[in-house]
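Engineer: I'd like to ask you about the structure that follows.
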Amino acid sequence: MLAARDGNALEELARQIGERGATALVQPTDVTDESQCRTLITRTIERFKRLDYLVLNAGLSMWVRFDQVTDLNIFRRLMDVNYIGVVNCIHPALPYLKGVCGTIVTISSAQALIGISKHTGYSATKHALRGFLEALEVEMGDQIRFLTVMPGWVSGTKLRANALRADGTPLGTSKPRHTHEAVSLEECSTRIVRAMQEGASAVYIPRKIRAIPWLKLLVPGWLRAKIKRSMAQQEK
Ligand SMILES: NC(=O)c1ccc[n+]([C@@H]2O[C@H](COP(=O)([O-])OP(=O)(O)OC[C@H]3O[C@@H](n4cnc5c(N)ncnc54)[C@H](OP(=O)(O)O)[C@@H]3O)[C@@H](O)[C@H]2O)c1
C-alpha cells in the first residue's frame, strides 16, 4: 500500500510496481489526520490481509534561523508531520504488526542525534521521534521489530524545496544546494531496502553518521565547527 497526501503522484509508481508482477494500491493520506491514518491501515488489511512492514517516510523540513522566524506555527506544522504523523500511523497498525512480528521502519535523520542550525524545529521533531521509538521498543520489542534509518544529507528529493522559510512558505528551488557530502536518493533507498532484508535495527547513511554521539562526547567543538562549515558551503 502506498500513501501520500496527493494519491495521483503515486499512481505512476503503483503502475511500475504492477509491471514487475507485484500489486500496489494507492491510498491518499494526510498523516497529520488521525482518522485518515486509521483508514490507511484498515484498507491495507482489507486488501492484503496482513501488515509486515510499516514504512514511515513522510517528512517536512525548514531552513531559517530561529531568531528570524516570523510565523511560529512552523514549529507545530513540523511536529504534526514528522512526529504526530508517525504516532498516528503506528497506533492503528500495532495489532496487525504484533500478529506477524512485523517491522516498523522509520525514516529519522542524523538530526535525531544532533541539532543543526536553521533546523531548530526539524531537529526537535526528530529528537522527539527518537524518544518515542526508544520507549515503544522497550514496551513492544519482543513482539515487533524496529528499523530506524538515520540519513545525513540526501540529494534528489523534494525535502529542501519544500522546507519552510521564516514565514512558513516553502524555500523553493533557490539556494542552499547540496554539496558532495550528500548521498544520492538511489544509494539511500538501496541501503534502506538492504537493512530491511537483513533485519537490521538501525542504518546510518552514510556510515560515518554513526560516530555522531561519540564525537559529541569527545570533540563537541570540532563537530560543531565541521557542521557549521558544511552549512556555509551549502549556502555559497
Ligand atoms: N533529504 C534529506 O536530506 C533527508 C535527510 C534526513 C532525513 N530525511 C527524511 O527522509 C524522509 C523523506 O524525505 P525526502 O528527503 O524524501 O523529502 P520529500 O521528497 O519532500 O518527501 C517527503 C514526503 O513526505 C510527504 N508528506 C509531507 N507531508 C505529509 C503529510 N502531511 N501527509 C502525508 N505525507 C506527507 C510528501 O508527500 P506530498 O507529496 O504529499 O507532499 C513526500 O512524499 C523525511 O522523513 C525526511 O525527514 C531526509
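Engineer: Tell me, yes or no, whether the stretch 65-78 has at least one residue that is within 28 Å of residue 23 (Cβ to Cβ) and either open to solvent by less than 10 Å² (accessible area, probe 1.4 Å) or hydroxyl-bearing (Ser, Thr, Tyr) (or both).
Structural biologist: Applying the first criterion (within 28 Å of residue 23 (Cβ to Cβ)) to the stretch 65-78 yields none.
No, the conditions are met nowhere in the stretch 65-78.
Engineer: Report whether or not residue 50 is at pLDDT 95 or above, part of a loop (DSSP other than H, G, I, E, B) and open to solvent by 40 Å² or more (accessible area, probe 1.4 Å).
Structural biologist: Working: at pLDDT 95 or above: yes; part of a loop (DSSP other than H, G, I, E, B): yes; open to solvent by 40 Å² or more (accessible area, probe 1.4 Å): yes.
Criteria met by residue 50.
Engineer: Please state which of the following conditions residue 106 fails to meet, knowing it meets all the rest: (1) over 13 Å from residue 41 (Cβ atoms); (2) in a helix (DSSP H, G or I); (3) of a type in the set (Ser, Thr, Tyr); (4) touching a residue at least 40 places away in the same chain (Cβ under 8 Å).
Structural biologist: (2)
Engineer: Within the stretch 144-161, count every residue that is in a loop (DSSP other than H, G, I, E, B), more than 6 Å from the ligand (Cβ to nearest atom) and open to solvent by 30 Å² or more (accessible area, probe 1.4 Å). Spell out the reasoning first.
Structural biologist: Pass one, the stretch 144-161, residues in a loop (DSSP other than H, G, I, E, B): 144, 152-153, 156-158.
If we keep only those that are more than 6 Å from the ligand (Cβ to nearest atom) too, we end up with 144, 152, 156.
Okay, now just the ones that are also open to solvent by 30 Å² or more (accessible area, probe 1.4 Å), so 156.
Residues meeting the conditions: 1.
Engineer: Looking at the stretch 142-157, I want the residues that are under 12 Å from residue 191 (Cβ atoms) and have a partner that is within 6 Å of the ligand (Cβ to nearest atom) and of a type outside the set (Gly, Ala, Ser) with Cβ atoms under 8 Å, at least 6 apart or on another chain. Which pairs are those?
Structural biologist: The qualifying pairs are 149/107; 151/107.
Okay, residues lined up against (1) of a type in the set (Lys, Arg); (2) open to solvent by 40 Å² or more (accessible area, probe 1.4 Å); (3) in a strand (DSSP E or B):
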| site | (1), (2), (3) |
| --- | --- |
| 168 | no, no, no |
| 178 | no, yes, no |
| 193 | no, yes, no |
| 197 | no, yes, no |
| 203 | no, no, yes |
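Engineer: Could I ask something else about it? Among the numbered conditions (1) touching a strand residue (DSSP E or B) at 6+ places or on another chain (Cβ under 9 Å); (2) more than 10 Å from the ligand (Cβ to nearest atom), tell me where residue 61 comes up short.
Structural biologist: (2)
The values are calculated or read from the model by the stated rules, or taken from the named source; none is laboratory data. Computed from a prediction, not measured in an experiment: that's the story for all the values here. Methodologically, a virtual Cβ is constructed for each residue, glycine included, from the backbone with ideal geometry; neighbour enumeration extends over all protein chains shown. All accessible areas refer to the heavy atoms of the entire protein, side chains included, with ligands and DNA or RNA removed. Shrake-Rupley method; radii C 1.70, N 1.55, O 1.52, S 1.80 Å.
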